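Working notes for the structure below.
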Amino acid sequence: MLRSVFHGGLTAVFLAASLAGGMASTPARAQQAVAQAPLSAYGALPSLEMVKLSPSGQRLAFITVTGEDRTLVLLDLSTREQIGGAGIGMAKVRDLDWLGEDRILVTTSKTENIPQLGIVRAELFSSQIYDPGRNRIVEALKDTRDVFPMLFSSAEVIKGEDPEVLVRAYAFSNPDRLDLFRVDLQSGRGTLAEVMGQNVTDFVLDTAGRSLARSEYDSRSQEWSLHLRQGGGFRETWETVAPIDTPNLIGLGLNGDSVVIAADRPDMSQAGREDAEFFDVNLATGVWRAVRFEFNPDGLLFHPVTRRLIGATRGTDAGRLYAFADPAADSLWASIRGAFAGRSPELVSFSDDLRKAVVYTSGPRDSGSYHLINLDAGRVTPVGGAYVAITPDRVAPVRAVSYTAADGLEIHGYLTTPPGVTDPTGLPLVVLAHGGPASHDVMGFDWWAQAMASRGYAVLQPNFRGSTGYGDAFREAGYGEWGRKMQTDLSDGVRWLAEQGVIDAERVCIVGASYGGYAALAGPTIDRGVYRCAVSVAGVSDLRVMVEEEASRGARRENSTTRYWNRFMGADGLGDRSLDARSPARLAAQADAPILLIHGRDDTVVPIDQSRIMERALRQAGKPVEFIELEGEDHGLSRGATRERMLTETMRFLQAHNPAN
């Protein structure tokens, strides 16, 4: 819960940090010998995050982090004075939204156990409305009769003279429904806005806060259907059977008379396109047409007031691409590209008139910086840094790499080498496998990779088959490849770097979290003979048990989540014992390297039992293992103290079993 802490004392601290070099636009001279930053500088939570402009662009909201405490700060950019502040404490901040110029909506989450409601170790979301003028904080849905005061959808902010907030929530008297409620900004109380059944998965609102389109999914029949508003009701206009990959409603189309849907429609796909595409569906006719940009986007951007589609974006090895259909947005982006030539800026927030924006950069000699762009003034102003203790000379160089896997598939990834090392040869290596596995690493500042590089290690982050960002065929090449080709894609990278002379093949460890934690466990147990040690953070160790756990969470055991895991893992259904041959816990007796297990007790994604099972198996087999349980930590390492401990223990373990010097 927020607590008011406004006293005006944060302004000087913020501005001093901003103007004294929070951004890295004037890098210091390169040095050969680089003084190490403490590990706490990497493991700490970002000192600045969620920087959001107000609708006019005259005010700025952001979260500062000191140790474990988060604080919301509001600034007036014209006077450079603080106009408000609220202590958030250890709550995990998930989003900030301006409600006009005078209030801010803060969405947080925490892991809860509410047995009487059947909630066991679930991540629950709530929102608070902060009014700095009245120095007042109210909780959304507070004192709303019969309503459980937690959010079951993202908060939808409708802009205008009288901004509105709409969220989905449960009413105790209607347990089979998940309705849309309008939140009173003064009291926080909710009133029913629209009745929605539990099968409604997505919806798109117009500028008045009324839903124009909804989607429904029946988990029993596996049917996804699109419903468009007609008069006072909805008409089903399209349906498809989707056991796993359901379409998603994204937002309003370019002209406001259509909605945009992300869907896999081979019958309408553009030649040469590899990923599922975005489609525009006319609200009146239900006719579909593909949304075209100069590249295949992985995300779309919408106008803050009209809520209409204005542009698209895609992450690449060279940075994030943007394309805009809106002339004002295109002009803003052209100015940003000019101001940050040679760098890779990312749009974070922009004003309603698209004349001001907050941009984030990271990469060479930049540990993460926020910048304010003002087209009217023709000025770029530093806002602050995410990791200010990691100065430009301490930022390790990162370069994109590619190599050929054993079966001929091209694998892309990133190689980070120690700061000050101009000719990397014969280095000790850490393979850092990403989670997901349907995810991917990107170019930029990665605090985990940077920390290991700062201690003398090269760090390889492969986007192995099954990763997103390289097309449907590449992602689908990972189906059924847990412990198989997804694993050898990693060790193929080790062999390639050894052939290049960059690393010493006898000095390699593997580290990862979530799916990457599974890959770390599979290294010594399945793809043996490559690694001297392994560190698994929140990793899966027993595939069959993991799928059974997911099945037990759903209303039906054979649900879309279990089908997703079975597809990627290569199972034939629940209870498929073929998974045992690729489960590290069942292969513990053949582990050929020491293993460190780290897991948060509040993990709601991969249960901590997965690491406990692995520890027992390794100890019974007489294999070297260490296990560290993180009190109060979730799957995403959201707490600073436990994140620092994870990093410190990881580096201790690496130095013990694969010393850099």
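Any residue at all in the stretch 355-362 that is among the charged types (D, E, K, R) and either open to solvent by 50 Å² or more (accessible area, probe 1.4 Å) or in contact with a helix residue (DSSP H, G or I) (Cβ under 8 Å, 6 or more places away or on another chain) (or both)? Yes, that holds for at least one residue.
Conditions (1) touching a Cys at 6+ places or on another chain (Cβ under 8 Å); (2) closer than 21 Å to L166 by Cβ; (3) at pLDDT below 95, marked per residue:
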position	(1), (2), (3)
Q198	no, yes, yes
R214	no, yes, no
S221	no, no, yes
L226	no, yes, no
T240	no, no, yes
I244	no, no, yes
L252	no, yes, no
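When the residues of the stretch 536-561 are filtered to those that are of a type in the set (G, A, S) and modelled with pLDDT under 85, the one that is least open to solvent (accessible area, probe 1.4 Å) is A551. If you go through the stretch 383-414 and pick out every residue that is under 25 Å from the mean Cα position of the chain (by Cα), surrounded by fewer than 16 Cβ atoms within 10 Å (Cβ to Cβ) and over 30 Å from V358 (Cβ atoms), you end up with 1. Elements of the type strands (runs of 3 or more DSSP E) sitting completely within the stretch 151-230 and holding at least 2 residues that are among the aliphatic types (A, V, I, L, M) and closer than 27 Å to Y130 by Cβ: these cover 156-158, 164-169, 179-183, 190-194. Total residues in the stretch 311-335 satisfying the condition of being within 30 Å of L415 (Cβ to Cβ) and in contact with a strand residue (DSSP E or B) (Cβ under 6 Å, 6 or more places away or on another chain): the figure is 9.
Contact map, the stretch 257-283: first residue farther than 19 Å from A477 by Cα and assigned to a strand (DSSP E or B), second residue of a type in the set (D, E) and modelled with pLDDT of 90 or more, Cβ cut-off under 6 Å, separation 6 or more or different chains; pairs are S258/D280; V260/D280. Within the stretch 191-234, being under 14 Å from D179 (Cβ atoms) and in contact with a His (Cβ under 7 Å, 6 or more places away or on another chain) holds for one residue alone: R214.
Would you check if G622 is assigned to a loop (DSSP other than H, G, I, E, B) and either touching a residue at least 24 places away in the same chain (Cβ under 8 Å) or crowded, with 16+ Cβ neighbours inside 10 Å (or both)?
Numbers: assigned to a loop (DSSP other than H, G, I, E, B): yes; either touching a residue at least 24 places away in the same chain (Cβ under 8 Å) or crowded, with 16+ Cβ neighbours inside 10 Å (or both): no.
Spelling it out, it is not the case that G622 is assigned to a loop (DSSP other than H, G, I, E, B) and either touching a residue at least 24 places away in the same chain (Cβ under 8 Å) or crowded, with 16+ Cβ neighbours inside 10 Å (or both).
Only one of these is crowded, with 17+ Cβ neighbours inside 10 Å, of a type in the set (D, E) and at pLDDT 95 or above: D298, D352. Name it. So that I can check it myself, show each step before the final result.
On the way: D298 fails: at pLDDT 95 or above.
Exactly one residue qualifies, and that residue is D352.
Regarding the stretch 168-183, can at least one residue be identified that is open to solvent by 20 Å² or more (accessible area, probe 1.4 Å) and in contact with a Ser or Thr (Cβ under 7 Å, 6 or more places away or on another chain)? Checked against the condition, which is being open to solvent by 20 Å² or more (accessible area, probe 1.4 Å) and in contact with a Ser or Thr (Cβ under 7 Å, 6 or more places away or on another chain), the stretch 168-183 yields at least one hit. The residues of the stretch 128-150 that are surrounded by fewer than 19 Cβ atoms within 10 Å (Cβ to Cβ), assigned to a loop (DSSP other than H, G, I, E, B) and over 26 Å from the mean Cα position of the chain (by Cα), listed by number, are G133, R134, N135, K142, D143, R145, D146, F148. Checked against the criterion of being among the β-branched types (V, I, T) and crowded, with 22+ Cβ neighbours inside 10 Å, the stretch 465-483 contains not a single residue that satisfies it.
Determine, yes or no, whether D504 is buried (at least 16 other Cβ atoms within 10 Å of the Cβ), in contact with a Gly (Cβ under 9 Å, 6 or more places away or on another chain) and at pLDDT 95 or above.
Working: buried (at least 16 other Cβ atoms within 10 Å of the Cβ): yes; in contact with a Gly (Cβ under 9 Å, 6 or more places away or on another chain): yes; at pLDDT 95 or above: yes.
The answer is yes for D504.
For the stretch 445-467, give me the residue count where each residue is closer than 16 Å to W565 by Cα and either among the acidic types (D, E) or in contact (Cβ under 8 Å) with a residue 60 or more places away in the chain (or both).
We begin by selecting, within the stretch 445-467, every residue closer than 16 Å to W565 by Cα; these are 465-467.
Imposing the further condition that a residue be either among the acidic types (D, E) or in contact (Cβ under 8 Å) with a residue 60 or more places away in the chain (or both) reduces the set to 465-466.
Result for the stretch 445-467: 2.
Taken together, R70, R94 contain a single residue that is surrounded by fewer than 19 Cβ atoms within 10 Å (Cβ to Cβ), at pLDDT 75 or above, not in a loop (DSSP other than H, G, I, E, B) and not aromatic (F, W, Y), which is R94. Is there a residue being of a type outside the set (D, E, K, R), closer than 16 Å to L521 by Cβ and open to solvent by 10 Å² or more (accessible area, probe 1.4 Å) anywhere in the stretch 628-651? Within the stretch 628-651 (the criterion being of a type outside the set (D, E, K, R), closer than 16 Å to L521 by Cβ and open to solvent by 10 Å² or more (accessible area, probe 1.4 Å)), the answer is yes, since at least one residue qualifies. Of the conditions (1) modelled with pLDDT of 80 or more; (2) closer than 30 Å to A91 by Cβ; (3) surrounded by fewer than 21 Cβ atoms within 10 Å (Cβ to Cβ), L597 fails just one. Which one is it? (3) is the only condition that L597 fails. Could you list, in sequence order, all residues of the stretch 562-594 that are at pLDDT 95 or above, open to solvent by 30 Å² or more (accessible area, probe 1.4 Å), out of contact with any Ser or Thr (no Cβ under 7 Å at 6 or more places or on another chain) and not small (G, A, S)? The answer is R586, D592.
The values are calculated or read from the model by the stated rules, or taken from the named source; none is laboratory data. Just so it is clear, the structure is predicted and the values come from calculations on it, not from any experiment. Reconstructed Cβ throughout: ideal geometry from the backbone, glycine too, with neighbour counts over all protein chains shown. When the accessible area is computed, the model is the full protein with side chains, heavy atoms only, and any ligands, DNA or RNA have been set aside. Shrake-Rupley method; radii C 1.70, N 1.55, O 1.52, S 1.80 Å.
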